[in-house]
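Here's the structure, in structure tokens; my notes come after.
Since every read-out is calculated from the coordinates, none of them should be taken as a lab result. Given the structure is predicted, the values throughout are model-derived calculations rather than measurements. Cβ: placed from backbone, ideal geometry, glycine included. Neighbour counts: every protein chain shown.
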Amino acid sequence: MLPGLRVIFLDIDGVLNTRGFLEGREESEWSEQIDPRAVARLDALARRSGAKVVISSSWRCYLPVARIEEILRAHGFTGEILGATPRRPPSRGTEIQAWIDAEAEEVVGLVILDDVPEMEHLTPHFVQTTFEEGLLDGHVEEALVILARGR
């Protein structure tokens, strides 16, 4: 890992897609379930902050990270994907914390993009999206502030 690593922990459903976007696509291929407008916002966040992405979405349980990366690239993402959080019950926050603990000396800033209602002790690093709206410009600005603040 690189010293001074900034990380975006990325959920997909409710961040890179919305209920409205998915209407009629429920049975479609994974690649058709990603909104390119939301990916453009994610790409802007990664570019502006220099942060790398770690997949925390449940998609990692169904698809290899390389396939998720391929899908994101096909929708315009140009940033770097480091991997995925480990699967550790009982919560997404626990999984993210496990990844952070493994990289503790390297991580200087982090933000979590997710539509879950809470992120436990990681709340100061949490930008909550909704399944109704997904990732918006305001979320990107909020995430930039969190990443700049550091750990």
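Shape index of the chain: Rg/Rh, with Rg the Cα radius of gyration and Rh the Kirkwood radius from the inverse mean 1/r over Cα pairs, equals 0.93. Normalising the average separation of contacting C-alpha pairs (under 8 angstrom, six or more residues apart) by the number of residues puts the relative contact order of region 35-117 at 29 percent. Each of Glu103 and Ser31 was given a label point 7 Å from its Cα along the Cα-to-Cβ line. The distance between the two points is 2.6 nm.
Helix 92-102 and the longest principal axis of the C-alpha atoms of the chain enclose an angle of approximately 40°. The string of couplings for region 12-27 from the Karplus curve (6.51, -1.76, 1.60, θ = phi - 60°) is 10, 5, x, 10, 9, 8, 9, 4, x, 5, 7, 4, x, 10, 3, 9 Hz, one whole number per residue in order, with x for Gly and Pro. Computed over the chain, the per-residue total of -39500 (n - 2.57) for DSSP H runs of n ≥ 4 gives a 222 nm mean residue ellipticity of -10000 deg cm²/dmol, rounded to 500. Converting phi to 3J(HN,Hα) with the Karplus coefficients 6.51, -1.76 and 1.60 and the offset θ = phi - 60°, region 57-74 yields 5, 5, 4, 5, 7, 10, 10, x, 4, 4, 6, 4, 4, 4, 5, 5, 5, 5 Hz in sequence order, with x at every glycine or proline.
Close amide H contacts of Val53 (hydrogens built in the peptide plane, cut-off under 5 Å, sequence separation of 5 or more or a different chain): Ile8, Glu80, Ile81, Leu82. Measure nothing fancy, just the Cα-based angle from helix 137-149's long axis to the longest principal axis of the chain, in degrees from 0 to 90, nearest 10. Tilt of helix 137-149: around 20 degrees.
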